[in-house]
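Nothing in this text is a laboratory measurement; each read-out follows from the coordinates by a stated rule. Predicted, not measured: the structure shown is a model, and the values here were computed from it. In this analysis, Cβ positions are derived from the backbone assuming ideal geometry, glycine residues included, and neighbour counts consider all displayed protein chains.
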């Protein structure tokens, strides 16, 4: 099956996620949010959102509580480093997989 | 309206009539009067375009690429080393399928420095995927420039209109200037299939993989190879577009009819001289003289060089016994590019190769060396007698 | 003087899709994401070969939600001018034209076309994200690589020459707005972009952009490294608006405080400076001190 009928004759890219595939597979560690320490989660109000601000990959949602899109999170750890209440810890993927499978 | 003006002004008037919206150019001899004329027209309010005085030729074509990508009709002009400086962009414009038009006032390239006419600058761009047209006089310059915009916008391929530096750019000839109202019927406003638009965002000309790949709609998109193939396919089909555009122009303006090749006394010619640009018409005098001596000779001017009109060239030459290709450039290390292309066309199209004409490549006018009609006549007389003396560089003084 | 933007007052809309090919912990990821919030959707972006090319995606998928034009390396500013002129010719001047180039595409191969655009007074914003090297092609040295840094081309001796002061070069062009910023201070960057796009002519913002693989630190420290650069006075946040210089944000705070962290804290946190000699480190501190004494005396940049 060829591309003869493709709609563009030029290199014309349309917006969409996952250009790099499932970048979540790059991770060695994943960020896990402790909702008892996370300020917006604890207080139930719009507050902080440092993790949302500093995420280079737009995988942290600006919600109460913030949520992480693990399909694309690369596990850089910036959110964990910048969280003012140390609510986010980086947990080894191998541990997470054990938990998921167990 | 008929006027007597230079080739550069003829080109400028063509640009004005075409309703170009963005002009970007960097001065280089012998193109400069063209850009000066455009500046004058724009500043006087006689041309509604934006003029960008860029700081290099590479930027001149970059401005055109940006402007054309955003939906404006764009134009630039250059010569020689200026064209070479923008070479990367020349490839880019073709690959991006942008209908930019560029006039090239042909000039020799350095090293060493030389400001006079030959074709090395534009010939060296023949692989880039641009349509290349060689104008032989001022009327063709203004008409070809106008036609170029329509051809470019029909094919989404950029077009280079080439004319001899000094010999055409700076000399005065009478020519007809088309009426603006008539031009409007020939060339509609530019409506690209896509122009950068926040309402329909797209990322243009990013890295494109060797292999095909799925897009966001789940359809298989081209790889780089398919995109380049489509350029080649559309370029080959552009021969027909050039012919159709010329026919439409001829219907409105009563001029043209030689979009691919321009034959002169070729019908019964046993020997044909092939050339491009102003040399073509100079050869008409040579051929007339040789005809009085009894030689059956003709001239074939090649007007469209890329895409190469191989079928038309072969058809014009198939009855000849011999062909002399006279060029102002070389593919160094082998022979003139037109000579090679022509031989290839004969090889592909002649049904009986045992009756193929001989092809002899000649070089003339390199670095603006004056091409004297008497030298041309002598060279051809020798050729017709069976041998061209020396390496076939006419007028060389080693 | 407009109020400074906070995290909570930042627009929520995202203009970048996740799952792009930027490195883990990429400083440009932060700068670009927040920068696009400042620009909004009525923007056309021009991008030369650089990390951003890759971040924005390979054909046919674009991680950017804005219309974007990829151009040749040397031509960013000229192509931006072309887009701008086309918009003017079509009466579409409301659309912003913004160039996003790396340090190479700005200060080395791209400087000629940028200079030309400044001289012409073309109406666009030029953002340089400076990760201090040709990072996309494997960490080769650039004009903005700082002295002493190990790169792929300076693997054993480190870069000999000084970092090119691009913001100063841009200020010398006499354009109305030149600013320095940092990916580690995205709100400061946001406010500077908002201010810049309200002005005429070429506006220039130079964004210090930490790069984990290029600079040699653990990915989680991208913001910390960027902050350390500013807290040590090695990199300063400032703007020059119509010739008037002022430090901003954390740098203004540092000037008030009167003390800075020692530069070697910044240098020692990155493995690219591991072969710097004590004399070189002392020299760096001396240069930073000299620079800050001109700030203190009010001489400006």
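Quick one: grab the alpha carbon gyration tensor of the range C:46-119, order the square roots of its eigenvalues as a ≥ b ≥ c, and give me rounded if a/c is under 1.5, else prolate or oblate depending on whether a/b is larger than b/c.
Here the range C:46-119 falls in the oblate category.
What does the helix-only formula give at 222 nm for chain B: each DSSP H stretch with n ≥ 4 adding -39500 (n - 2.57), the total divided by the residues, and the result rounded to the nearest 500 deg cm²/dmol?
Values: 13 runs with 158 residues, N = 398.
Computed mean residue ellipticity for chain B: -12500 deg cm²/dmol.
Using a Gaussian network model of chain B with C-alpha springs under 10 Å, which one of B:19, B:256, B:45 is most mobile by mean-square fluctuation?
Highest fluctuation of the listed residues: B:45.
Could you order peptides B:371-377, B:146-152, C:205-211, B:327-333 by the average number of other Cβ atoms within 10 Å of their residues, highest first?
Details: B:371-377: 16.0, B:146-152: 25.9, C:205-211: 27.7, B:327-333: 18.0.
The densest-packed peptide leads the list: C:205-211, B:146-152, B:327-333, B:371-377.
Take residue A:35 and residue B:382, extend 7 Å from each Cα along the Cα→Cβ direction, and tell me the distance between the two endpoints in nm.
9.6 nm
Put one equal scatterer on each alpha carbon of the range A:21-98, apply the Debye formula with no solvent term, and list log10 I(q)/I(0) at q = 0.11 1/Å to two decimals.
-0.25
Calculated FRET efficiency, residue B:321 and residue B:228, Cβ-Cβ r, R0 35 Å, to nearest 0.05?
0.30
Calculate the FRET efficiency for residue C:280 and residue C:255 from the Cβ-Cβ distance with a Förster distance of 30 Å, rounded to the nearest 0.05.
After rounding to 0.05, the efficiency reads 0.70.
Take the alpha carbon gyration tensor of the range B:261-394, find the square roots of its eigenvalues, order them as a ≥ b ≥ c, and report rounded if a/c is under 1.5; if not, report prolate when a/b exceeds b/c, else oblate.
Taking the square roots of the gyration eigenvalues as a ≥ b ≥ c, the range B:261-394 is rounded.
How high is the relative contact order of the range C:27-296, in percent, with contacts defined as C-alpha pairs under 8 Å that are six or more residues apart? Provide the component values of the computation, followed by the final result.
Values: 543 pairs, mean separation 46.5, N = 270.
Relative contact order here is 17 percent.
Can you bin chain B into rounded, prolate or oblate? Criterion: square roots of the alpha carbon gyration tensor eigenvalues sorted a ≥ b ≥ c, rounded for a/c under 1.5, prolate for a/b above b/c, oblate for the rest.
prolate
Order by neighbour count: B:308, B:253, C:59, fewest other Cβ atoms within 10 Å first, most last.
Least crowded to most crowded, the residues run B:253, B:308, C:59.
Go ahead and estimate [θ] at 222 nm for chain C from helices alone: -39,500 (n - 2.57) per DSSP H run with n ≥ 4, summed, over the residue count, rounded to 500.
For chain C, the value works out to -10500 deg cm²/dmol.
Would you please put B:2-14, B:68-80 in order of how densely packed they are, using the mean number of other Cβ atoms within 10 angstrom per residue and starting with the highest? If you can, show how the numbers build up before the last one.
Values: B:2-14: 22.8, B:68-80: 29.1.
In descending order of packing, they fall as B:68-80, B:2-14.
From other protein chains only, count the Cβ atoms within 10 Å of every residue's Cβ in B:214-224, then give the mean. Can you show the working numbers first?
Values: counts 2, 11, 11, 4, 0, 5, 6, 11, 11, 2, 2.
The mean count of partner-chain Cβ atoms within 10 Å per residue comes to 6.
Within 10 Å of each Cβ of C:273-283, how many other protein chain Cβ atoms are there on average?
Partner-chain Cβ atoms within 10 Å, mean over residues of C:273-283: 0.
Any idea how far the Cα center of the range B:10-86 sits from the one of the range B:307-340, in Å?
Value for the Cα centre distance between the two parts: 32 Å.
By DSSP, what percent of the beta bridges with both residues in the protein assembly as shown are antiparallel, rounded to the nearest 5? It would help to have the intermediate numbers written out before the result.
Values: 30 of 95 bridges.
So the antiparallel bridges in the protein assembly as shown amount to around 30 percent.
Across 20 Å bins from 0, what is the distribution of all Cα-Cα pair distances for chain C, in whole percents?
The calculated distribution, bin by bin, is 35, 60, 5.
Could you give the length gained on full extension between residue C:264 and residue C:73, defined as 0.36 nm per residue of separation minus the Cα-Cα distance, in nm?
65.3 nm is the gain from fully extending residue C:264 to residue C:73.
In whole Å, how far is the Cα centre of the range B:249-289 from that of the range C:253-301?
Taking the Cα centre of the range C:253-301 as reference, the centre of the range B:249-289 is 74 Å away.
Quickly rank B:118-130, B:201-213 as a protection proxy: mean count of other C-beta atoms within 10 Å, highest first. Don't jump to the answer; show the numbers that get you there.
Numbers: B:118-130: 22.4, B:201-213: 19.2.
In decreasing order of mean packing, B:118-130, B:201-213 become B:118-130, B:201-213.
Based on DSSP H runs of at least 4 residues, each adding -39500 (n - 2.57), what is the mean residue ellipticity at 222 nm of chain A after dividing by all its residues, to the nearest 500 deg cm²/dmol?
-5500 deg cm²/dmol
List A:28, C:263, B:258, B:299 from most exposed to least, where exposure is judged by having the fewest other Cβ atoms within 10 Å.
Numbers: A:28 13, C:263 22, B:258 16, B:299 26.
Ordered from fewest to most neighbouring Cβ atoms within 10 Å, A:28, C:263, B:258, B:299 come out as A:28, B:258, C:263, B:299.
For the Cα atoms of chain C, what angle does the longest principal axis make with the long axis of helix C:76-89, in degrees from 0 to 90, nearest 10?
Helix C:76-89 and the main axis of chain C meet at about 30 degrees.
Rounded to the nearest 0.05, what FRET efficiency is calculated for residue B:220 and residue C:7 with R0 set to 51 Å and r the Cβ-Cβ distance?
E between residue B:220 and residue C:7, to the nearest 0.05, is 0.75.
Pull out the extension gain between residue B:199 and residue B:181, defined as 0.36 nm times the separation in residues minus the alpha carbon to alpha carbon distance; nm, one decimal.
3.1 nm
Using the basic label-point model (7 angstrom from Cα toward the beta carbon), what is the residue B:270 to residue A:94 distance in nanometres?
The modelled label-to-label distance comes out at 9.1 nm.
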